[in-house]
Amino acid sequence: MLALLFLTATAPTQGAREIETRRAKAFLQNLSMTPEDVRAFEACAVDYRLMRETPNATSSQDEAFQHRIALATNAMSRLRTELSPAGWATLASLLKQEKRSVKLFPIPPMKHHAAQAPNWWNQLLAYLRPRTVYAQGMTPYASLYTSMSVDDGDAPTIYATGTTNAQSGCNCHDVSVYTTLTLPGGRMDGDTRYGYYEVAQATVALTLTGSDSDGFMQASSTHNAYCPINQTQFVSGEQTSQSNPLQKTRAYYKCVSLNNGQCVKQPHPFFPAIQVYTHDRCNSGTICNRLWSRNNNWLFTLQTVWQISIGGNTTCSAVPPPDAQQRIACASPDPIP
């Protein structure tokens, strides 16, 4: 999933779905990497995508597999060389965390035939995942998973992504995925994607408002995969899901990143490539006592803030105006959300 995400962020926007590009770019912006590491990764991803899109004549499934592995291995070696040790550790940690949510499903053995030209949707970082390509002497698996992420750039936006990955040496599997995202109050959206080159990825986005409820948000996907060689539906309606908590507060905040009495931007303490305004709660509470934002330069604000926890990572993000209101000073107590 991360390979598809990063490659989408650096791919041409023509023909790309806006929601996927926006999610990918937001994810890159929120990586705890230096600007130099981000630029190095983007350059490597662009070169890898171009190599994957270059036709390569192969005569067998095994040759197609070896070619893809060589490209991925070379790209990973370049990343490990060009990224800082901290940048490499960040990528490895993210991939290992994603790997824990992968559900494997056996791919049936296929008859021998010439492999089709490879496509760039094959994962750049596949060697950190269970192998999902078919080659003689290997046990092939389809990988099915659902993941969630958050973009707090302009407003707290939750993304749910479902992936059906049934890559093989023939590049012939028909796959699909239907993904839904449901908020605690029942608001939901869904997306269906079909991938005739063995990988399908559906993405849904919902932006939190002041009227949404506390509780657990749920992302769910339904996966299907069909092998035309064996005429086998080897993945049929398989389900993956992920659930994460949301907590809401409405509170008074004061700017603490000041210069000559003005609220100014400073480097984010965990993501130094991002410049943010820093606000603390006027009245200490149980959640979101400190808030970083890209847009709020008010000295005092009354706003609805969401604490979003995904995969052990917690972030706080505020709903923008008109829900957020400028104030002339702190007040007490905080309103009941």
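The values are calculated or read from the model by the stated rules, or taken from the named source; none is laboratory data. Predicted model only: the values in this text are computed from it and were never measured. Here the Cβ positions follow ideal geometry from the backbone for every residue, glycine too, while neighbour counts run over all protein chains shown.
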(request) Any chance you could count how many residues in the range 298-312 are closer than 12 Å to Ala324 by Cβ and assigned to a loop (DSSP other than H, G, I, E, B)? (result) 1
(message) Criterion first (touching a residue at least 40 places away in the same chain (Cβ under 8 Å), crowded, with 20+ Cβ neighbours inside 10 Å and not basic (Lys, Arg)) does Thr232 satisfy it?
(response) no
(request) Could you tell me whether the range 316-336 includes any residue that is under 25 Å from Ser149 (Cβ atoms), in contact with a Gly (Cβ under 6 Å, 6 or more places away or on another chain) and not small (Gly, Ala, Ser)? (result) yes
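Considering every residue within the range 295-304, establish whether at least one is of a type in the set (Val, Ile, Thr), free of Cβ contacts under 8 Å to residues at least 24 places away in the same chain and not assigned by TED's automatic domain parsing to the domain that holds Gln218.
Step one: list which residues in the range 295-304 are of a type in the set (Val, Ile, Thr), which gives 301, 304.
Then drop every residue that is not free of Cβ contacts under 8 Å to residues at least 24 places away in the same chain, which leaves none.
No, that holds for no residue.
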(message) Let me confirm something: among Gly190, Gly237, Gly186, which residue is in a strand (DSSP E or B), at positive phi and outside the structural domain of Val305 (by TED's automatic domain parsing)?
(response) Gly237
(message) Residue under question is Ala205, and the condition is that it be hydrophobic (A, V, I, L, M, F, W, C) and in a strand (DSSP E or B); does it hold?
(response) yes
(message) Considering only the range 148-163, I want to know if a residue exists there that is buried (at least 19 other Cβ atoms within 10 Å of the Cβ), modelled with pLDDT under 85 and more than 17 Å from the chain's Cα centre (by Cα).
(response) no
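Considering Gln242, Gln247, Gln266, Gln262, which residue is surrounded by fewer than 13 Cβ atoms within 10 Å (Cβ to Cβ) and either of a type outside the set (D, E, K, R) or in contact with a Ser or Thr (Cβ under 9 Å, 6 or more places away or on another chain) (or both)? Spell out the reasoning first.
Values: Gln242 fails: surrounded by fewer than 13 Cβ atoms within 10 Å (Cβ to Cβ); Gln247 fails: surrounded by fewer than 13 Cβ atoms within 10 Å (Cβ to Cβ); Gln266 fails: surrounded by fewer than 13 Cβ atoms within 10 Å (Cβ to Cβ).
After ruling out the rest, the residue left standing is Gln262.
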(message) Can you find a residue that is in a loop (DSSP other than H, G, I, E, B), closer than 28 Å to Ser243 by Cα and of a type in the set (Phe, Trp, Tyr) anywhere in the range 264-278?
(response) yes
